[in-house]
Amino acid sequence: MNYFLTDDQKMIRDLAAQIAKEKIAPIAAELDETGEFPWEVVKTLGTSDLFRVFIPTEYDGLGGGMFEMALVVEELSKACGGIALSYAASGLGTIPIILFGTPEQKKTWLPRLASGEILAAFALTEPNAGSDAASIKTQAKPDGDSYVITGTKQWITNGGEATIYTVIALTDPTRGVRGSTALLVEKGTPGFDFGKKENKMGIRASATRELVFTDCRVPKSSILAKEGMGFLVAMKTFDQSRPGVAAQAVGIAAGALDKAVAYAQERKQFGKPISNFQGMQFMLADMATQVEAARALTYAAARTIDGGEKDVAKISSMAKVFASDTAMRVTTDAVQVFGGYGYMKEYPVEKMMRDAKITQIYEGTNQIQREVIAMNLIKESIRGKK
Ligand SMILES: Cc1cc2nc3c(=O)[nH]c(=O)nc-3n(C[C@H](O)[C@H](O)[C@H](O)COP(=O)(O)OP(=O)(O)OC[C@H]3O[C@@H](n4cnc5c(N)ncnc54)[C@H](O)[C@@H]3O)c2cc1C
């Protein structure tokens, strides 16, 4: 389908596709096995200016937005959803700085993030606060000109590898979510340590790690937005970042579809390629249709955000739900097209199926996304707008 990309957008997409083919595809299986962080690829993405695409020009970016980020994430994810996540999660960690940072914070962090010299991360989840993010326990106690952070964040992508972390913590526990605040915390700050590194089902090349804060003192100037606005910072960040997860899902699904189409023409049974059988053709046709529909919705969501629409929660959640459910279906079908070989690690599609699963879980599970969509539908209906 023609999405009428500008020449710049085509260049960004093609560059990401080239890196995916030349630098990511050859190491995807190995990093899936070892769980090693893809620093070499991150460096290449940096020198290729791909971290710049969603960062404003005044901070050494190229001035694009979520659409450009989605184009990159999709192409990288075609080759490896895990390696692509090191890029996408840095985007997630960068968004709150773009949206809520002071000019000083932006000047300090955005040029370094734009060059790919450093990565960012976003830390909300805790052992007992997942979907119910409002029940976080990490505290940032005001103390003179500082906050003193104590608590543990769990399953933080780019944990240990990123340099700058947006951490949501309670500055006034008596006020619940209204007492939460977003703080920028730099790796190396005394009292900020990294705990367990997770051994995961999929996206194994991405780092997923605990952040442990023990009397970690940060200056009050680390605040993003205002004290008490931490939950809002988190929700506004997710509104913008969810099309990125959708793009990761589209990329994984598209990668699996490509493999399935190629394999169906090579594999012969009953004396002919299995692509000759209508049962296979219908399966491939459905997979392709679902991928295209997911891509169209993902691009629409990203363009809606970049176009300046204020209320983007519904479209953003729709893209995330639809694309991630598509990725799970399409990668499962790709394994089916490969038959028994699809179940073996020597072939690429079982990894894609494992990688796809996370897109239905993180940045809000698909059950939570459906709640967001329904709540917005009801809100719109009450307001009488269509
Ligand atoms: C690999 C990985 C990377 C991650 N990266 C990050 C990161 O970088 N930063 C970060 O902050 N977090 C991160 N997370 C955390 C992720 O966002 C949470 O796992 C997710 O929000 C779900 O929380 P939970 O796992 O505690 O599930 P739970 O909230 O315990 O949910 C369990 C089940 O109950 C369902 N459920 C819960 N509440 C409801 C409800 N109200 N209605 C219907 N169903 C419901 C859920 O949909 C799910 O199916 C990551 C997680 C993983 C696994």
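On a 0 to 90 degree scale, rounded to 10, what angle separates helix 313-338 from the longest Cα axis of the chain?
Computed tilt is about 40 degrees.
Report, please, the projected area of the stretch 336-386 averaged over directions, based on the convex hull of its C-alpha atoms, in nm².
Quarter of the Cα hull surface area: 5.2 nm².
Working from Cα positions, state the angle (0 to 90°, nearest 10) between the long axis of helix 103-115 and the longest principal axis of the chain.
That works out to roughly 30 degrees.
Going highest first, how would you order 1-12, 207-218 by mean Cβ packing within 10 Å? Show your work: numbers first, answer last.
Numbers: 1-12: 11.9, 207-218: 20.7.
Ranking the peptides 1-12, 207-218 by packing returns 207-218, 1-12.
What does the convex hull of the alpha-carbon atoms of the stretch 170-290 project to on average, in nm²? Before the final figure, lay out the partial values.
Details: hull surface 46.7 nm².
Result: a mean projected hull area of 11.7 nm².
Over 26 Å between Cα atoms, which of Lys107/Lys314; Lys141/Lys320; Lys23/Lys268; Lys78/Lys345; Lys10/Lys200; Lys153/Lys357 qualify?
From the list (Lys107/Lys314; Lys141/Lys320; Lys23/Lys268; Lys78/Lys345; Lys10/Lys200; Lys153/Lys357), the Cα-Cα distance tops 26 Å for Lys107/Lys314; Lys141/Lys320; Lys23/Lys268; Lys10/Lys200.
Whenever you get a sec, compute what percent of the accessible area on the stretch 309-386 sits on carbon and sulfur atoms (1.4 Å probe).
Of all accessible area on the stretch 309-386, carbon and sulfur atoms account for 62 percent.
Looking at the stretch 277-386, which chymotrypsin sites (Phe, Trp or Tyr not before Pro) are in a loop (DSSP not H, G, I, E or B) and have at most 15 other Cβ atoms within 10 Å?
Counting only loop positions with at most 15 other Cβ atoms within 10 Å, the chymotrypsin sites (Phe, Trp or Tyr not before Pro) in the stretch 277-386 are Phe277.
Ignoring ligands, DNA and RNA, please state the percent of accessible area on the stretch 38-182 from carbon and sulfur, probe 1.4 Å. Before the final figure, lay out the partial values.
Numbers: 2400 of 4840 Å².
Here it works out to 50 percent.
Taking Cα pairs under 8 Å and at least six residues apart, what relative contact order does the chain come out at, in percent?
Taking the mean separation of contacting Cα pairs over the length of the chain, I get 16 percent.
Between the DSSP loop rule and a limit of at most 13 other Cβ atoms within 10 Å, which GluC sites (Glu not before Pro) in the stretch 237-342 are left?
Here the GluC sites (Glu not before Pro) that fit, given the DSSP loop and packing criteria, are Glu309.
Could you give log10 I(q)/I(0) at q = 0.07, 0.09, 0.10 Å⁻¹ for the chain, computed by the Debye formula over C-alpha point scatterers of equal weight, without solvent?
-0.31, -0.51, -0.62
For the chain, find the longest principal axis of its Cα atoms and tell me its angle to the long axis of helix 278-306, 0 to 90°, nearest 10.
On a 0 to 90 degree scale, this one is about 30.
Take peptides 189-200, 131-142, 347-358, 48-59 and line them up by average Cβ neighbours within 10 Å, highest first, as a rough protection proxy.
Top of the packing list down: 347-358, 48-59, 131-142, 189-200.
Could you provide, to the nearest whole Å², the per residue accessible area of the chain with probe 1.4 Å? Walk me through the intermediate numbers first.
Details: 17010 Å² over 386 residues.
Result: 44 Å² of accessible area for each residue.
How long is the stretch 1-129 along each principal axis, judged by its Cα atoms, biggest number first, in Å?
The principal-axis extents, from largest down, are 44, 41, 27 Å.
If you average the C-alpha positions of the stretch 233-280 and of the stretch 119-185 separately, how far apart do those two centres end up, in angstrom?
Comparing the Cα centres of the stretch 233-280 and the stretch 119-185, I get a distance of 35 Å.
The values are calculated or read from the model by the stated rules, or taken from the named source; none is laboratory data. Please read all numbers here as calculations on a predicted model, not as lab measurements. Counting neighbours? That spans all protein chains shown, and the Cβs are built from the backbone with ideal geometry, glycine included. Each accessible area value is taken on the protein alone, full model and side chains, heavy atoms only, with ligands, DNA and RNA left out. Shrake-Rupley method; radii C 1.70, N 1.55, O 1.52, S 1.80 Å.
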